[in-house]
Amino acid sequence: MGALDAQLVPAVDGVAYGLLLFVVAAGLSLAFGTAGVLNLAHGTLYAIGAYIGAELSDGTWGGMLLGLAAGTAAACAAGALLSLATAPLSRRGHLAQALLTFGLALVVGDLLVEFFGADELPVHIPGALDESVSLLGHRYPAYRLTFIGMAVLLAVAGTWVLTRTRAGAAVRAAADDPEMLAASGISPKAVHTGVLAAAGALAGAAGVLGAPIIGPGPGTADNVLMLSLVVVVLGGLRSLWGILLAAVAVGEVQTLGVSVAPDWAPYLLFASMAAVLVLRPGGALEHGGGPDTGHDGAADPLARLRRRLARRGGSGGGAGSGAAGGREAASGRGAAPFRGSARSAAARVRASLPTPVRSGLRGFAPLALLFGPLVFAPAVLDEYSVSLVAYALALGLVAVSVTVLTGYAGLPTLGQTAPFAVGAYTTALLADEGWTVGPVQLAAAAAASALFALVTGPAVIRARGTTVLMITLAVGELTGTVISQTKSVTGGTDGLYGFAPTEALWGGEPMIEEVDVYGYALAVTAVVVVITVLCLRSSAGKLLTGSRGAEARMRASGHPVARYLMLAYIGAGALAGVGGSLLVSVQQYVSPADAGFEIAALALLAAVIGGTTSVVGTLLGVGLIVYTRDWLSGAWPGHGPLLLGSLFILTVYLLPRGLAGLWPSGRGPDGAKGPGDGGSSDAGGTDAGSGTAVGQPAAEAAGTADTAETAGVAAGSADKAQEAAP
C-alpha cells in the first residue's frame, strides 16, 4: 500500500499530462482523419497558443481568459490558412502535405523564437489556481486538477458534437462521402477549412491551458507533435474515446513509467507505436483524404506551361498540321530546321553506337558532369566550404537510399537515419578501438546497417503509404532513443568524439587535412553511387519498379514481391550505413542529432527535389539543402530554420515532379523518367508519382500495369526475369 501511495502523485500527473495530449491529438486526428491532411505543423499550432497565453498571462483571471481567447483565435486562424496552403496538394497526397507542413513548422517556429525569444517563457496563473490542495493525503497543484476536469468536459462535448449535431454529421460525411455531401448543398471545401480551423483552435487552446504543464520553448512544438502522433496511432483516427485512452496511457508512461521503470519508459512509446502500425496497418491510420499520390502531373505548373506552348506551336501549322505537325513543333524540327538537323545528326551518331554504349552514355554522363567539377572544389573553395561539400556527400548517400525506397520500391520513408546512425556509430566505435582503415570501416558499417535493415524490414515492407511513413518514423525515433539512453556505448546525448582519424587505405597516413578527407569522401561516394545506378538499371531494378507500379499483377504472375522489397530495403540500409561511416570520417564525431527527425525529413526532401527516381537529382537536392541550411544561413545568422523551411515550401509548390520535371522529355538528369510520366525509364521502369504504395490513381495504375507485367523483358522473358531476380 505504501508503494501505491508513493506513486499516487505521478499517476495523477500522468492523467493531467495525458489529457493535455488528448486535446492536442484530437485536433491532429480531425485534420488527418477527416480533412486528410498529414499536418506536421500541428505542434507549432500548440506553440502559438502557448507563447501567446504565456505572454498575456499576468496572474489574473482576466489575463488568463484573454490569453485563452487570443491564443485559440490565433491558432484557429493559422489552421484556416493551413487549409488554403494544402488545398492545391489535395491530389498529390500525404507525402507532399508532410513536406509542406514541416516546412511551415520550421518557418513559423523560427518566427516565434524571433518574436518571443529563445528562452522558455514563465506562465503566471491566477492565485486561486496557483495553490496546492489535499488529494488522499498528498498535496497536489490545484491547476492540474482543474485542467483534468476541463479536458474531460471537452472530450464529452467533442463526442456529442461529432455524433449528435448536424455539424458533426457534415464532418463525418466529408470524410466518408464528400460527393454526397456536396449533393446535399454543403461545400466539402468549407467543411475542410472548418475542420482544420477547429483542429488549430484545439491545439491553440491546449497550448494556452497546457503552458503551465508543458511550457513554451524552442523544443516544445517537436515534443508535442511526436507525442500526439503516438497518441493518434495508438487510439486510431475515428474515435475520440480511443484517443482519450491512448493519451492517458502515453501520459502515464511519461510520468508514472519514468518513476516505476525508468530504464524501459523511454522505449515504450515508439515501440508501442510501431507494434500497433505493424499489427493493425489498415486500421491504425484510416483516413478520408484524397488519393495519396506522390506527385500529380496535372498540378505541375511547369508541365501546364509546356503543354500550352506546344499547343500554340502546333496550331500555327494550318489545316494540314495535325498531330504530326504538333509532334514536329514539339521536337523543334518545324520551327528550327538547323537545330532539328543538329539533333538528327546527334541522334544518328548515338544510333550507330552499340546498345550498351548508348545506355552507358545516357546513364553515366550526368554522373560524370556532377562529380567532375567536384574534383576541383578544394582548389576554388575555402576549407569550411570544402567541409560542407564533404558533409553533403555523406548526407547524399542517405538521400539516395531514400530515393531507392521511395521512388523505386514505393516505400516512402522517414526512418533512413536509423541505419545511417548504425553505420556512423559502428565506424566511431571501430575507430575508438584502433580500426581506422577506410575500407574496413565502410564494410563494417554497411554490414551492420544491412543487418539492422534485415531485422526491421519485415515490419516495413508489409505496410504501404502513410503507414510506411509512420512505421519508419517510429523506427527512427526508437533508434535515436536507444542511442541517447545507452551512454556507456554511444556516449548518450554527448555523442562520440576524440577517436583516431580514418586512413584511406592500408598503410596510409591518417587523414587530418580537409582536402584529404574530402578526396576520400568524394571517391567513396562516386563508387557507391555508380554501383547503385547499375543495380537500378539492371533487370532486378526493373522488377523492383514493376512491383511498385502494379504489385497485384506481379504477385499474380508469380513474382516474390516481398523478397524484392526486402532486398531493396536491406540494400538501402547498407547504402545509408556507408553514408554514416563517411559522416564520421568527415566530422570526426557523431551524436544522436545525426539520427534525428530533421535529418530524415531533409533526406526525403532531397529525394523529392530530385523527382524520387533521379539519383543525380537527389544529390543536387542535397547540395541545395546543405547550401541553404549551412552556408546561406551564415549570411543571416540564427535563421537557418527559416531558410530551410522556405526551401521545403518552394520545392513542394514549384517542383511537384522534382528536377526530373524540368526536362522537356520528362526524363531526369540521369535519364530516369520523372514522376507521373509513365512508361519505362532507363533507370528501371515506370514512375507514377509514388506508385501504388502511396495511393496511385486508378487510371495511372492501369497504364503502368502492363509495363509492370512485362517487367522482366530485359531478361528475355518473365521466367528468365524471375531467375535473374535478386
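From Thr486, Thr493, Thr481, which residue is under 24 Å from Pro262 (Cα atoms), assigned by TED's automatic domain parsing to the domain that holds Gly415 and in contact with a Leu (Cβ under 9 Å, 6 or more places away or on another chain)?
Thr481
Within segment 611-624, which residues are free of Cβ contacts under 8 Å to residues at least 60 places away in the same chain and either crowded, with 23+ Cβ neighbours inside 10 Å or in a loop (DSSP other than H, G, I, E, B) (or both)?
Passing the criteria: only Gly617.
Looking for whichever is under 28 Å from Val527 (Cα atoms) and of a type outside the set (Lys, Arg) here; the options are Leu430, Leu469. Which one fits?
So the residue among Leu430, Leu469 that is under 28 Å from Val527 (Cα atoms) and of a type outside the set (Lys, Arg) is Leu430.
Quick one: is Ala459 over 18 Å from Ser228 (Cα atoms), in a helix (DSSP H, G or I) and modelled with pLDDT under 90?
Yes, satisfied.
Find the helices (runs of 4 or more DSSP H) located wholly in segment 497-558 whose residues include 3 or more that are in contact with a strand residue (DSSP E or B) (Cβ under 7 Å, 6 or more places away or on another chain) and touching a residue at least 60 places away in the same chain (Cβ under 8 Å), and list them.
539-549
Of the conditions (1) surrounded by fewer than 16 Cβ atoms within 10 Å (Cβ to Cβ); (2) under 28 Å from the mean Cα position of the chain (by Cα), Leu95 fails just one. Which one is it?
With (1) surrounded by fewer than 16 Cβ atoms within 10 Å (Cβ to Cβ); (2) under 28 Å from the mean Cα position of the chain (by Cα) applied to Leu95, the lone miss is (1).
For (1) aliphatic (A, V, I, L, M); (2) modelled with pLDDT under 55, each residue gets a yes or a no:
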{"position": "Asn223", "(1), (2)": "no, no"}
{"position": "Val253", "(1), (2)": "yes, no"}
{"position": "Ser259", "(1), (2)": "no, no"}
{"position": "Val278", "(1), (2)": "yes, no"}
{"position": "Leu309", "(1), (2)": "yes, yes"}
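Considering Tyr589, Tyr518, which residue is buried (at least 22 other Cβ atoms within 10 Å of the Cβ) and among the aromatic types (Phe, Trp, Tyr)?
Tyr518
Could you check segment 595-610 and list, in sequence order, the residues that are under 18 Å from Gly492 (Cβ atoms) and either of a type in the set (Ser, Thr, Tyr) or surrounded by 24 or more Cβ atoms within 10 Å (Cβ to Cβ) (or both)?
Within segment 595-610, Ala595 is the sole residue that qualifies.
Of Thr525, Thr493, which residue is among the polar types (S, T, N, Q) and surrounded by 21 or more Cβ atoms within 10 Å (Cβ to Cβ)?
Step by step, each of Thr525, Thr493 is checked, and only Thr525 is among the polar types (S, T, N, Q) and surrounded by 21 or more Cβ atoms within 10 Å (Cβ to Cβ).
Looking at segment 170-197, which of the residues that are under 27 Å from Val248 (Cα atoms) and of a type in the set (A, V, I, L, M) is surrounded by the fewest Cβ atoms within 10 Å (Cβ to Cβ)?
This residue is Ala197.
Which one of Gly671, Gly689, Gly678 is crowded, with 23+ Cβ neighbours inside 10 Å and either within 24 Å of Arg91 (Cβ to Cβ) or modelled with pLDDT of 75 or more (or both)?
Sole residue among the options that is crowded, with 23+ Cβ neighbours inside 10 Å and either within 24 Å of Arg91 (Cβ to Cβ) or modelled with pLDDT of 75 or more (or both): Gly689.
Within the group Gly33, Gly53, Gly71, which residue is surrounded by 23 or more Cβ atoms within 10 Å (Cβ to Cβ), under 27 Å from the mean Cα position of the chain (by Cα) and touching a residue at least 12 places away in the same chain (Cβ under 8 Å)?
Testing whether each residue is surrounded by 23 or more Cβ atoms within 10 Å (Cβ to Cβ), under 27 Å from the mean Cα position of the chain (by Cα) and touching a residue at least 12 places away in the same chain (Cβ under 8 Å) leaves just Gly33.
Scan (1) in contact with a strand residue (DSSP E or B) (Cβ under 9 Å, 6 or more places away or on another chain); (2) in a helix (DSSP H, G or I) for the single condition Ser646 breaks and write down its number.
(1)
Is it true that Ile471 is at pLDDT below 90, part of a helix (DSSP H, G or I) and crowded, with 16+ Cβ neighbours inside 10 Å?
Spelling it out, Ile471 is indeed at pLDDT below 90, part of a helix (DSSP H, G or I) and crowded, with 16+ Cβ neighbours inside 10 Å.
Looking at (1) over 27 Å from the mean Cα position of the chain (by Cα); (2) over 16 Å from Met226 (Cα atoms); (3) surrounded by 21 or more Cβ atoms within 10 Å (Cβ to Cβ), which is the only condition Leu66 fails?
Looking at each condition in turn, Leu66 falls short on (3).
Anything in segment 437-460 that is free of Cβ contacts under 8 Å to residues at least 12 places away in the same chain, farther than 20 Å from Gly480 by Cβ and of a type outside the set (Val, Ile, Thr)? List them, or say none.
Result: Ala443, single match.
Going residue by residue through segment 97-119, is there one that turns out to be farther than 30 Å from Gly63 by Cα and small (Gly, Ala, Ser)?
So far as segment 97-119 goes, yes, one or more of its residues are farther than 30 Å from Gly63 by Cα and small (Gly, Ala, Ser).
Can you confirm whether Gly658 is modelled with pLDDT of 75 or more, in contact with a Pro (Cβ under 8 Å, 6 or more places away or on another chain) and on the phi > 0 side of the Ramachandran plot?
Against the criterion (modelled with pLDDT of 75 or more, in contact with a Pro (Cβ under 8 Å, 6 or more places away or on another chain) and on the phi > 0 side of the Ramachandran plot), Gly658 qualifies.
Residue by residue, here is whether (1) hydrophobic (A, V, I, L, M, F, W, C); (2) within 21 Å of the chain's Cα centre (by Cα); (3) surrounded by fewer than 23 Cβ atoms within 10 Å (Cβ to Cβ) holds:
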position: Ala421; (1), (2), (3): yes, yes, no
position: Thr427; (1), (2), (3): no, no, no
position: Val437; (1), (2), (3): yes, no, yes
position: Ser449; (1), (2), (3): no, yes, no
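The values are calculated or read from the model by the stated rules, or taken from the named source; none is laboratory data. Remember, it's a predicted structure, so these values are computed and weren't measured experimentally. Neighbour counts run over all protein chains shown; Cβ positions are idealised from the backbone, glycine included.
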